[in-house]
Amino acid sequence: MAVHPLTLASLKSTKNSVIGNPSAKLAIAQDQAFVQTLVQCINQPKDERISNPKEDIRVEAAHVIASLAYGSDEALASLVRSNALEGLLYALSRLALVDKAVLEPPFLRALKTLTTALADASGSSQYGLRQHTSAIRQEAEEAVDNLFQLDSLDVFLPLLASGPSQVLVYVAQLIASATRDPDQQKAIVLWQPPADRLNESKGKRGWENPDSTTIVTPSRQGGWVIRHLVGVLLRTRDCKLQEAVLLALASLAKDNAPVASALHRVPIDDEGPSVLSSVLGHTKSKNLAVQLAACSCATSIFRGTSVGTSQHPDTSLVLTILHVLNRLISSPGDPIETRTKACFILYHLVQDNAELCLLVYNQRSLNKLAELVKEITPVNAPPDWDEDEPESIACLREGALMAIASLSLSSEEIRRTITDSLDLIPLITTSITHHYVGVRYAACQCVRALSRAIAALRTNIMDSGLGLMVFEIFKKEEEDRRVTATALMVVCNLVNEHSPLRAVCVEQGMLPRLVHLLDTGEPTLRLNALWALKNFVGKSTFGDKQEVVRHLTWERFSRLLSDADAGIQEQTLCIARNITENEPGIELLFQELGPEVVLARLTNALASTEEDVVQQATYLLHHLLNGTPIHLSLILSHSSLLLTHLRSCLAMKDDIRRPAMSCILRIAESASPSLRREMAMADSGGTVATLRRIAEWRKMDHGGHVSGMGGTGTGEKGMVMHYGLDPYDRTMIDQARLTVGLLSDIGEGGFGVDHE
């Protein structure tokens with residue numbers, strides 16, 4: 001297509017034609033030459049196709065780029081192919097001082113808008129799930145990554161020090177909307193101006209230390225962006241700028257302990273309140289957007305610290321945030337987008353914290369969320385009721401359901417309220433088949449939370465048909481993978497020992513579907529597929545165990561036992577542990593895998609650096625040691641190696657060292673006298689010495705004195721502390737003493753066991 005000269009009038013006409021007009025955007029996207037010329041225009045090239053490239057034309061070209069960035073993957077792809085992001089950065093870096101006042105704001109606005117669209121297209125949405133996976137996801141990820149390179153950051157971050165209010169708004173908005181993962185946070189937080197980098201010491205900067213608390217100290221290396229954002233927040237009265245800065249701080253503090261801890265504890269000056277206190281003050285702003293941004297920022301700071309993840313949260317802080325969120329969630333007159341964000345902030349506030357869930361529940365937040373869902377969701381919905389529903393309403397429902405799911409995940413009381421008092425099951429059932437992916441995902445999350453309760457599984461989920469509806473979603477090959485992963489988590493609960501749907505799931509093809517998901521290569525699906533198999537095998541019949549492994553195949557099972565992913569290895573060991581809970585299962589494992597493979601996988605797992613893997617390996621070994629004499633002899637042939645690994649287990653957590661100690665005693669008891677001598681002589685790892693030190697401990701009396709022979713109170717107690725023993729764990733101590741008696745040299749008379 002021929003490219004006509006770009007004039008001010010033609011650019012304004014183009015801008016007006018594409019606003020809210022997807023077909024116009026698509027038409028322009030298909031004209032790659034025009035888009036390339038548009039990007040070139042902002043850099044004022046000498047090109048005969050561009051007539052009179054004055055400032056107003058460059059401004060208008062930036063406006064067109066910003067308009068094209070949203071609403072069309074095709075238009076966004078065209079901008080990416082034309083290197084629009086790089087072009088904007090280059091244009092900003094070359095602005096003459098006299099041009100800054102006119103050109104800097106529109107260029108920054110275009111950069112912010114384009115970057116936000118690219119970040120969304122990369123799949124990391126800030127509020128809920130994107131409806132569709134972008135066709136340019138990889139290109140978008142690469143473009144956003146370029147923004148966080150040092151040369152790119154050097155273009156716009158220095159503007160925080162001296163830019164006018166409008167420029168500061170766009171820079172803060174850019175940080176807020178583009179920063180979505182830990183690497184991006186780190187790039188922003190560690191950035192320093194070029195001049196400061198020249199004087200940087202070679203040692204670690206404060207921000208690389210999780211205990212850093214001097215974030216707002218001007219002389220501190222690192223934290224430059226945070227300090228300037230905080231400074232802007234303290235001095236500005238511009239509501240738009242306050243909102244932008246609060247959201248930028250929220251994005252940098254979210255799930256980021258060093259940043260969150262510093263903002264939580266550090267005073268603004270030597271004697272003033274903390275940054276968090278100032279943030280909470282903005283929740284009382286007269287401006288609704290500032291209130292919401294302050295809630296988001298305070299939540300990110302609070303939940304990013306150890307205080308926010310503890311089971312003893314700061315009640316007054318939470319109530320301050322909750323006062324705003326509850327009001328927005330229950331206010332039909334407020335903008336839909338505002339209510340949606342309030343729901344997602346509440347979801348993040350209570351996520352994975354049982355104490356916070358109960359606190360929020362007691363403030364009737366669950367009731368307000370339920371009223372919101374009832375307000376926008378029909379109970380007896382006709383077919384295709386959701387086809388014409390605005391996406392904004394679907395996002396609002398997604399946010400409300402996600403908050404409900406998060407609240408109910410760890411509380412039986414809250415789950416019972418949802419099923420028995422609030423009558424939300426029909427609305428969740430309606431939402432489970434919604435055309436919008438985020439609504440289906442959130443509804444599945446609600447079922448996941450509710451299905452953790454046996455009572456709900458046997459009544460509400462069974463009677464409503466909700467369980468089987470989720471199971472059908474789990475089986476759909478064309479379903480969004482994120483929804484499939486959540487439905488799979490529900491299936492993990494549906495196949496538990498007491499679930500009435502356990503047999504139905506097997507009859508309707510659960511096992512082959514799980515094996516198929518296991519082979520997808522997607523870590524979350526693989527892990528949860530094994531989790532479901534583990535739950536099904538637990539307390540199952542021998543025939544069920546055989547059926548599981550028939551679908552899984554022993555060859556695949558053997559590979560999974562040594563998988564590079566520690567989570568996969570752990571769950572596979574759990575399955576092996578559940579298979580071997582009786583002699584037929586032990587025989588099955590040895591017969592199908594072979595003794596050498598079983599013991600090789602087991603010893604490798606015991607030597608793992610991942611404690612969860614080691615824990616399951618010790619439990620599996622404990623089961624195997626309860627097998628027939630033939631199985632025992634096979635294990636005893638590897639006794640020295642096993643004892644070496646088990647000795648290391650004795651210094652680990654209770655759930656590892658206790659079964660490890662039982663295994664050591666069982667091996668010693670099962671060995672012949674000659675084999676015991678061999679084990680003792682080959683004990684280069686010091687297993688007997690370790691056991692002796694544990695066994696020599698004596699219980700302290702009420703006066704703090706050590707009872708029994710030998711050693712001082714201080715020495716004996718210090719010995720126990722070295723191994724992390726619970727002073728009241730008599731069983732483990734007695735097992736150690738018995739084992740030492742069995743493995744010690746007979747000529748020394750063994751080790752006498754003192755039965756007190």
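For first residues located in segment 606-620 and in contact (Cβ under 8 Å) with a residue 24 or more places away in the chain and assigned to a helix (DSSP H, G or I), partners that are of a type in the set (Lys, Arg) and buried (at least 22 other Cβ atoms within 10 Å of the Cβ) and lie 6+ apart or on another chain with Cβ distances below 7 Å form the pairs 616/577; 619/577; 620/577. Summed over segment 523-547, the residues that are under 30 Å from the mean Cα position of the chain (by Cα), assigned to a helix (DSSP H, G or I) and surrounded by 14 or more Cβ atoms within 10 Å (Cβ to Cβ) give a count of 14.
Taking the stated definitions as given, is residue 566 surrounded by fewer than 18 Cβ atoms within 10 Å (Cβ to Cβ) and of a type in the set (A, V, I, L, M, F, W, C)?
Against the criterion (surrounded by fewer than 18 Cβ atoms within 10 Å (Cβ to Cβ) and of a type in the set (A, V, I, L, M, F, W, C)), residue 566 qualifies.
Considering only residues that are aliphatic (A, V, I, L, M), in contact with a helix residue (DSSP H, G or I) (Cβ under 9 Å, 6 or more places away or on another chain) and surrounded by fewer than 18 Cβ atoms within 10 Å (Cβ to Cβ), which ones fall in segment 468-522? 468, 504, 506, 515, listed by residue number. Selection within segment 264-286: residues that are outside any helix (DSSP H, G or I) and loosely packed, with under 15 Cβ neighbours inside 10 Å. The member of this set that is modelled with the highest pLDDT is 286. So, residue 428, is that one surrounded by fewer than 24 Cβ atoms within 10 Å (Cβ to Cβ) and either at pLDDT 95 or above or touching a Lys or Arg at 6+ places or on another chain (Cβ under 8 Å) (or both) or not? So residue 428 fails the test. With 391, 413 as the choices, which residue is under 28 Å from residue 124 (Cβ atoms) and acidic (Asp, Glu)? Checking each option against the conditions leaves just 391.
Of all the residues in segment 556-578, those that are in a helix (DSSP H, G or I) and over 22 Å from the mean Cα position of the chain (by Cα) number 13. Exactly one residue among 393, 345, 454, 414 is farther than 20 Å from residue 487 by Cα, surrounded by fewer than 18 Cβ atoms within 10 Å (Cβ to Cβ) and not acidic (Asp, Glu), and that residue is 393. Every condition in (1) in a helix (DSSP H, G or I); (2) in contact (Cβ under 8 Å) with a residue 40 or more places away in the chain; (3) out of contact with any helix residue (DSSP H, G or I) (no Cβ under 7 Å at 6 or more places or on another chain) holds for residue 633 except the one numbered (2).
In segment 79-97, of all residues being under 35 Å from the mean Cα position of the chain (by Cα) and aliphatic (A, V, I, L, M), the one that is surrounded by the most Cβ atoms within 10 Å (Cβ to Cβ) corresponds to 88.
In summary, helices (runs of 4 or more DSSP H) completely within segment 168-263 and bearing 3 or more residues that are modelled with pLDDT of 95 or more occur at 182-190, 224-235, 239-253. Annotation: of all residues in segment 121-142 being touching a residue at least 12 places away in the same chain (Cβ under 8 Å) and outside any loop (DSSP other than H, G, I, E, B), the one that is surrounded by the most Cβ atoms within 10 Å (Cβ to Cβ) is 121.
Note on segment 348-367: residues that are small (Gly, Ala, Ser) and either outside any helix (DSSP H, G or I) or buried (at least 23 other Cβ atoms within 10 Å of the Cβ) (or both) total 1.
For every residue, the table says whether it meets (1) within 21 Å of residue 149 (Cα to Cα); (2) not in a helix (DSSP H, G or I).
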{"site": "61", "(1), (2)": "no, no"}
{"site": "64", "(1), (2)": "no, no"}
{"site": "71", "(1), (2)": "no, yes"}
{"site": "78", "(1), (2)": "no, no"}
{"site": "86", "(1), (2)": "yes, no"}
{"site": "90", "(1), (2)": "yes, no"}
{"site": "103", "(1), (2)": "no, no"}
{"site": "106", "(1), (2)": "no, no"}
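The values are calculated or read from the model by the stated rules, or taken from the named source; none is laboratory data. What you are looking at is a predicted structure, and each value in this text was computed from that prediction instead of being measured. Cβ coordinates were reconstructed from backbone atoms using ideal geometry, including for glycine residues, and neighbour counts include every protein chain displayed.
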